[in-house]
Amino acid sequence: MLLASFLIAVLAYLLGSVPTGFLLVKLFRHEDIRTVGSGNIGATNVMRSGGKGLGAATFLLDMLKGAAAVLLAAWVAPQFATAVPPRDIEALAAVAAVLGHMFPVWLRFRGGKGVATGFGVFLVAAPWAALAAIGVFGVILLLSRYVSLASILGAASFPVFAWFLVRGDKPAPFVAAQIIVALSIIVKHHQNIRRLAAGTENRFGARPQERKPA
């Protein structure tokens, strides 16, 4: 049981650690996204660097790899980890995939902030809560034009939505995974939080001349 759980976590981590933004920019623009803008490999920085299509593709692929990690765990668990409740295995895969995105072994553990991958893992594990959280993200982004603020509040709202919208058993590992992922996303935005507090955070869609120094 422990070996099967460990292997599922490793597989989920490796799926999550695929640096899609880095690979897309390298393939189509022959650039290292880590040397552009904020240096982040996520969809927002890819889009801000001038690649709107690549940014959208990065978000989609980051989301899909998170969803794939949880789906793979849900498929493997009944065959190799029969003693572990399905939601516990999904929770383990969710955390591992998001941590893989944030700390990918391929890029010396310097990855993204986990928003799209976090959405992907919980779109499978807790779909209604994930959709509600992405709704919060959309509303905050529309009102403030701060992607970071929308990401932070969307992540913070997810465990609350999950508590009320997830039906059936909610075992401790499942609840813990929601909190761990949400807190990890928020912590990964620590620099954005400082800029928001200082009033120097850039708004999404701002022209270069309107952007404030980071």
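From the residues in segment 1-32 that are of a type outside the set (Ser, Thr, Tyr) and not in a helix (DSSP H, G or I), which one is surrounded by the fewest Cβ atoms within 10 Å (Cβ to Cβ)? Walk me through it before giving the result.
Here is the first cut: in segment 1-32, the residues of a type outside the set (Ser, Thr, Tyr) are 1-4, 6-12, 14-16, 18-19, 21-32.
From the residues that got through so far, the ones that are not in a helix (DSSP H, G or I) too are 1, 18-19, 30-32.
Details: Met1: 10, Val18: 18, Pro19: 24, His30: 7, Glu31: 14, Asp32: 12.
Among those residues, the one meeting the criterion is His30.
In contact (Cβ under 8 Å) with a residue 60 or more places away in the chain, over 19 Å from Val187 (Cβ atoms) and among the basic types (Lys, Arg), is that true of Arg87? Give the derivation first.
Values: in contact (Cβ under 8 Å) with a residue 60 or more places away in the chain: yes; over 19 Å from Val187 (Cβ atoms): yes; among the basic types (Lys, Arg): yes.
So Arg87 passes the test.
When Ala177 is evaluated against the numbered criteria (1) more than 22 Å from Val84 (Cβ to Cβ); (2) modelled with pLDDT of 95 or more, which criterion, by number, is the only one it fails?
All conditions are met except number (1).
Filter segment 81-108 for residues that are aromatic (Phe, Trp, Tyr) and touching a Ser or Thr at 6+ places or on another chain (Cβ under 7 Å) and give the result.
Hit for segment 81-108 is Trp106, nothing else.
The values are calculated or read from the model by the stated rules, or taken from the named source; none is laboratory data. Just so it is clear, the model here is predicted, and its values are computed rather than measured. So basically every Cβ, Gly included, is an ideal-geometry build from the backbone, and we count neighbours across all protein chains shown.
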